[in-house]
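Report on the following structure.
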Amino acid sequence: MAWQLDDSIAIRNEAHFGDRVVRCFTDRPVHSYDIFARTLAAHPDNEALVAGDNRLTYRQLAAESDAVAGGLAAAGVKAGDRVGMLLGNRIEFVSTLLACLRLGAICVPLGTRLQTPEIAYILDHAGACLLVHEADLADRLPGAADLPQLRHRYAAGGHAPGSLAFDTLRQAGTPPAFAAPAEEATGVILYTSGTTGRPKGAMLAHINIVHSALHFQYCMGLGPDDRSLLAVPASHVTGLIAIIVTAWQGGGAVIMVPEFKARDFLPLAARERLTHTIMVPAMYNLCLLQPDFDRHDLSSWRVGGYGGAPMPQATIAALAQKLPQLGLMNAYGATETTSPTTMMPPALSATHSDSVGLEAPCAEVIVVDADGREVPPGEAGEIWIRGPMVVPGYWANPEATQQNFTAGFWHSGDIGSIDADGFVRVFDRVKDMINRGGYKIFSVEVENVLSHHPGVLESAIIARPCPVLGERVHAFVARKDAALTETVLKDFCASRLADYKVPETFTLLDEPLPRNANGKLLKRALREQLL
């Protein structure tokens with residue numbers, strides 16, 4: 001079984017990124033900004049962006065982003081330069097994103113929950129020359145000495161010492177003539193945690209972004225009348241690609257939510273006549289738990305995408321009862337696949353709740369054994385993914401690129417299978433990864449931080465099951481000092497890690513952690529002990 005597209009949508013094989021041959025949509029925008037430009041030409045007066053009391057049409061958003069592009073150009077930003085964006089879900093995120101794409105610059109979005117060491121590493125590694133940041137996060141910014149390449153800082157939403165006001169960008173001049181980037185050029189770098197404990201910068205090329213937007217539009221049936229609610233961070237691949245850029249592709253509107261709170265989500269969704277969103281299953285559960293759920297008119301909501309974790313059967317049933325018009329679609333992907341790899345046709349969600357769906361039209365998914373040999377249908381192995389939405393590699397990290405890609409296939413690290421009908425199933429994630437309500441946390445990153453505390457002998461981070469968020473972070477710590485407390489360790493981690501990565505519970509030991517004869521840590525024994 002495969003996705004059935006309209007007969008007018010042609011697909012052909014093309015060579016890209018050197019040795020890759022991938023299926024591509026024949027008729028497509030030529031780069032990321034072209035997605036926006038086509039809708040601007042076709043629907044200039046359609047509502048493009050809603051953020052609180054602010055509403056912008058595509059024409060108004062274009063004028064706003066052009067003004068920002070003029071300011072960036074006046075500050076010396078040119079094609080290929082990296083621009084950091086430490087911004088939440090606000091208009092300035094979208095206008096800066098568009099301005100960078102218009103200039104051919106490379107956007108580097110950062111999550112607003114990151115702490116100073118994480119921000120410093122990403123901006124330095126990417127070689128960012130300019131940063132636009134939340135004024136409220138100024139106290140987390142690294143000092144100038146730590147970022148010698150960063151020449152300019154602009155604060156959005158208020159005053160911040162050492163930064164110019166974002167409004168000064170709008171007033172600096174007119175943008176230069178647009179120079180279209182090559183579609184294999186990098187448009188965005190998204191940093192994702194890696195097994196070394198240091199984040200890796202996935203290079204989202206324009207061809208990757210274009211195909212992901214088309215996949216979402218075609219498979220979800222999105223058009224100019226759709227209203228997509230952005231309830232996940234804009235700085236994550238889902239918010240950036242699946243919501244914002246996909247809305248440009250369809251010509252619809254994005255309604256921005258600064259932070260997801262179920263009690264606020266429901267009245268906003270009703271008031272704005274939400275038609276489409278993508279969230280993690282925990283968000284749907286939290287909405288269903290609201291006592292006033294039935295009092296909100298959500299009859300316009302027709303597409304409910306989800307990913308990051310399985311949707312419980314009970315949740316699917318409850319949503320089907322309360323919102324019979326809502327089509328639920330599991331969407332499996334990653335930063336390295338620019339979001340979607342598989343999607344579940346809504347009509348099959350209830351009967352295939354254990355599957356993440358079918359291959360996206362231009363995607364190729366195989367399951368291989370430890371030797372890289374494809375396994376028969378239904379047999380488990382590692383999921384490898386190829387297609388025009390798979391990134392070419394990691395920024396300034398050829399070693400990680402070589403380790404994680406083979407002939408254009410990205411090694412997902414997920415264990416799964418594909419049945420004879422083409423339905424993909426994911427049985428387990430990367431061994432040491434924790435999924436806390438859709439936020440992916442690699443245990444080694446937290447363990448590396450704990451290792452720097454003088455009272456810690458060693459540590460092991462594992463997932464503690466949670467009925468709401470799926471998993472929470474638990475730390476087993478072998479301590480050198482019996483006086484070392486959980487509070488001290490939490491505070492130590494909180495100053496160095498995003499809040500969702502900080503262990504919420506601890507098991508403090510005065511003896512070494514269990515290991516096998518080869519010295520390998522026995523995390524399975526620790527999981528059993530915790531359960």
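The values are calculated or read from the model by the stated rules, or taken from the named source; none is laboratory data. Remember, it's a predicted structure, so these values are computed and weren't measured experimentally. Here Cβ is always computed from backbone atoms with ideal geometry, including for glycine, and neighbour counts include all displayed protein chains.
Given the options 441, 461, name the one that is at negative phi, modelled with pLDDT under 85 and β-branched (Val, Ile, Thr).
Result of the check over 441, 461: 441.
I'd like to know if region 48-69 contains one or more residues that are in the same structural domain as residue 225 (by TED's automatic domain parsing), part of a loop (DSSP other than H, G, I, E, B) and either touching a helix residue (DSSP H, G or I) at 6+ places or on another chain (Cβ under 8 Å) or among the hydrophobic types (A, V, I, L, M, F, W, C) (or both).
Within region 48-69, not a single residue is in the same structural domain as residue 225 (by TED's automatic domain parsing), part of a loop (DSSP other than H, G, I, E, B) and either touching a helix residue (DSSP H, G or I) at 6+ places or on another chain (Cβ under 8 Å) or among the hydrophobic types (A, V, I, L, M, F, W, C) (or both).
Only one of 414, 510 is assigned by TED's automatic domain parsing to the domain that holds residue 111 and more than 30 Å from residue 141 (Cβ to Cβ). Can you tell me which? Can you show your working first?
Numbers: 510 fails: assigned by TED's automatic domain parsing to the domain that holds residue 111.
The conditions single out 414.
State yes or no: is residue 405 assigned by TED's automatic domain parsing to the domain that holds residue 239, touching a Lys or Arg at 6+ places or on another chain (Cβ under 7 Å) and within 18 Å of residue 19 (Cβ to Cβ)?
No.
Yes/no matrix, rows are residues, columns are (1) closer than 28 Å to residue 24 by Cα; (2) aromatic (Phe, Trp, Tyr):
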| residue | (1), (2) |
| --- | --- |
| 397 | yes, no |
| 405 | yes, yes |
| 416 | yes, no |
| 440 | no, no |
| 445 | no, no |
| 457 | no, no |
| 463 | no, no |
| 466 | no, no |
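May I ask you to list the residues in region 459-478 that are of a type outside the set (Gly, Ala, Ser) and touching a residue at least 60 places away in the same chain (Cβ under 8 Å)?
Within region 459-478, 462, 464, 465, 468, 469 meet the criteria.
Out of curiosity, is residue 272 at pLDDT below 95, among the charged types (D, E, K, R) and surrounded by fewer than 23 Cβ atoms within 10 Å (Cβ to Cβ)?
no
How many residues are without any contact (Cβ under 8 Å) to a residue 60 or more places away in the chain and under 21 Å from residue 496 (Cβ atoms) when one looks only at region 125-181?
The number of residues fulfilling the criteria is 16.
Tell me, which strands (runs of 3 or more DSSP E) wholly within region 352-436 include 2 or more residues that are at pLDDT below 95 and of a type outside the set (Gly, Ala, Ser)?
By residue number, 409-418, 424-428, 433-436.
Taking into account only those residues within region 336-351 that are polar (S, T, N, Q) and crowded, with 24+ Cβ neighbours inside 10 Å, which is farthest from residue 389 (Cα to Cα)?
Of everything passing the filter in region 336-351, 342 is farthest from residue 389 (Cα to Cα).
With 455, 438, 422 as the choices, which residue is closer than 30 Å to residue 376 by Cα and surrounded by 16 or more Cβ atoms within 10 Å (Cβ to Cβ)?
The conditions single out 422.
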